[in-house]
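See structure below.
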Amino acid sequence: MNFTKQEIIDMLNARGADHEALLERALATKLEYLDHFVHLRGLIEYSSVCRKNCLYCGLRSGNSKAIRYTMTDEEVMDCARQAVELRYGSIALQCGERNDKAFTDKIAQLVRDIKKLSDGKLGITLSCGEQSEEVYRQWFEAGAHRYLLRIESSNEELYYKIHPHDDTHAFATRLNCIDTLLKIGYQTGTGTMIGLPFQTVSDMADDLLFFQSKGVAMVGMGPFIPHPDTPLWQYRNDIPSDEERLQMTLRMIAILRLMMPEINMVSASANQTLNPLGRSMAVKAGANVLMPNLSPSPYRKDYIIYPDKQCIEETASFCAAHLELQMRAIKHSILYDEWGDSKAFLKAHPTFR
């Protein structure tokens, strides 16, 4: 569905009964196009080492308090085995950003090893930052078929308020990487944070129009949560309240579901940080993907992009059972043993797989 920017702004400003009606409309649209199923991506937080110095992220290279780690190959394979045993169907390998050859070759090897271990049953999403076209192709040929690279903000001016303004954090590079991923044939995902300092409703409307204009296959949007060891912490009292940021996130998800009814949308774990039922609320607003954490517990506490991260101590099997109950409570069902590819992508690429 196509909306004007003003129509999107009006929906983003919805409150009370209008807010509830928007969420109900989005849920009805999702059920019409995608049914009540939810897809899983078992999250593997591979490494907290990062060369970037983004102003909002606890893993930023300038944060001397951050604990740096990189999982061993065997630890990654153990996570993949758990995903197979829990019938997740897909994993998402996420990490801080590096682009040295030792790192890029290692990711390619891990992708190939996961494919071999699972006999090709596990779908693989990567979220490893900005890379060259050569590296993206290397990883695609190794077996990764989805890639998540958030734009963070489609407004270049705002982008440079939440990133250093230098060659390592160039807005043009981020845009080029997204275009390259699309060109190669990845099911390309992007997304933004909601409730950032300096962010306006107009900015958020432009973000939604950006997603639609790119024809991405998946989107991950979540509320901004300030980290005390980052420069943006100083603006923590200038942003909307936790509840307001969560409700705006729900409206962003709902509007995008109306605009792009067949894409995949993630219910971010950050929603649960702001409200114990936040992930379920996002699913009811139109999201259809959950990312339960498979990372070993000792590492989870060190992969802190934002504070008060949930599910630090729980086992993977506990998280799986808990999500099953949460989804049943809102009349949704987890679709096991499936890659959970974007319906929009499969329609545009009928020969995929």
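The values are calculated or read from the model by the stated rules, or taken from the named source; none is laboratory data. Owing to the predicted nature of the structure, the values given are computational and were not obtained by experimental measurement. Methodologically, a virtual Cβ is constructed for each residue, glycine included, from the backbone with ideal geometry; neighbour enumeration extends over all protein chains shown. The area values use the complete protein model at the heavy-atom level, side chains included, leaving out ligands, DNA and RNA. Shrake-Rupley method; radii C 1.70, N 1.55, O 1.52, S 1.80 Å.
Scanning segment 201-227 for residues that are over 14 Å from the mean Cα position of the chain (by Cα) and outside any helix (DSSP H, G or I), which turns out surrounded by the fewest Cβ atoms within 10 Å (Cβ to Cβ)?
Once the filter is applied, the top-ranked residue is G215.
Look through segment 103-121, keep the residues that are more than 15 Å from Y46 (Cβ to Cβ) and not basic (K, R), and return whichever of them is most open to solvent (accessible area, probe 1.4 Å).
Among residues in segment 103-121 that are more than 15 Å from Y46 (Cβ to Cβ) and not basic (K, R), the one most open to solvent (accessible area, probe 1.4 Å) is D119.
Could you list all residues from segment 67-102 that are hydrophobic (A, V, I, L, M, F, W, C) and surrounded by 21 or more Cβ atoms within 10 Å (Cβ to Cβ)?
M71, V76, C79, A80, A83, I91, A92, L93, C95
Might you let me know whether segment 36-49 holds any residue that is β-branched (V, I, T) and surrounded by fewer than 18 Cβ atoms within 10 Å (Cβ to Cβ)?
yes
Please give the helices (runs of 4 or more DSSP H) falling wholly within segment 126-200 in which 3 or more residues are open to solvent by 10 Å² or more (accessible area, probe 1.4 Å) and of a type in the set (D, E).
133-142
Taking segment 78-131 on its own, how many of its residues are under 15 Å from A142 (Cβ atoms) and not aromatic (F, W, Y)?
Qualifying residue count for the region: 27.
Being in contact with a helix residue (DSSP H, G or I) (Cβ under 8 Å, 6 or more places away or on another chain) and either without any contact (Cβ under 8 Å) to a residue 40 or more places away in the chain or under 21 Å from C95 (Cα atoms) (or both), is that true of even one residue in segment 200-215?
Yes, that holds for at least one residue.
Step by step: first the residues of segment 12-35, then only those that are more than 14 Å from K284 (Cβ to Cβ) and in contact with a helix residue (DSSP H, G or I) (Cβ under 9 Å, 6 or more places away or on another chain), then the one that is surrounded by the fewest Cβ atoms within 10 Å (Cβ to Cβ). Which residue is that?
Once the filter is applied, the top-ranked residue is R15.
Which count do you get for residues in segment 340-353 that are surrounded by fewer than 19 Cβ atoms within 10 Å (Cβ to Cβ) and either over 18 Å from D119 (Cβ atoms) or modelled with pLDDT of 95 or more (or both)?
8
Regarding segment 300-313, can at least one residue be identified that is under 27 Å from G120 (Cβ atoms), out of contact with any Lys or Arg (no Cβ under 8 Å at 6 or more places or on another chain), of a type outside the set (D, E, K, R) and open to solvent by 20 Å² or more (accessible area, probe 1.4 Å)?
No.
Give me the residue from segment 303-332 that is among the acidic types (D, E) and either more than 24 Å from E85 (Cα to Cα) or not in a loop (DSSP other than H, G, I, E, B) (or both) and, out of that set, modelled with the lowest pLDDT.
The extreme case among them is D308.
Could you grab me the full set of residues in segment 270-284 that are within 24 Å of D341 (Cβ to Cβ), of a type outside the set (A, V, I, L, M, F, W, C) and out of contact with any Pro (no Cβ under 9 Å at 6 or more places or on another chain)?
R279, S280, K284
Could you list, ordered by first residue, the pairs with Cβ atoms under 9 Å in which the first is in segment 60-77 and among the aromatic types (F, W, Y) and the second is not in a strand (DSSP E or B), at least 6 apart or interchain?
That search, which allows pairs on different chains as well, returns Y69/S48; Y69/V49; Y69/P298; Y69/Y299; Y69/D302; Y69/Y303.
Which ones in segment 261-302 are among the β-branched types (V, I, T) and either in contact with a strand residue (DSSP E or B) (Cβ under 7 Å, 6 or more places away or on another chain) or not in a helix (DSSP H, G or I) (or both)?
I263, V266, V283, V289
Give me the pairs, please: first residue somewhere in segment 325-353 and under 20 Å from L277 (Cα atoms), second residue anywhere and of a type in the set (A, V, I, L, M) and modelled with pLDDT under 95, beta-carbon distance under 7 Å, and either six or more positions apart or on two chains.
That search, which allows pairs on different chains as well, returns I334/L323.
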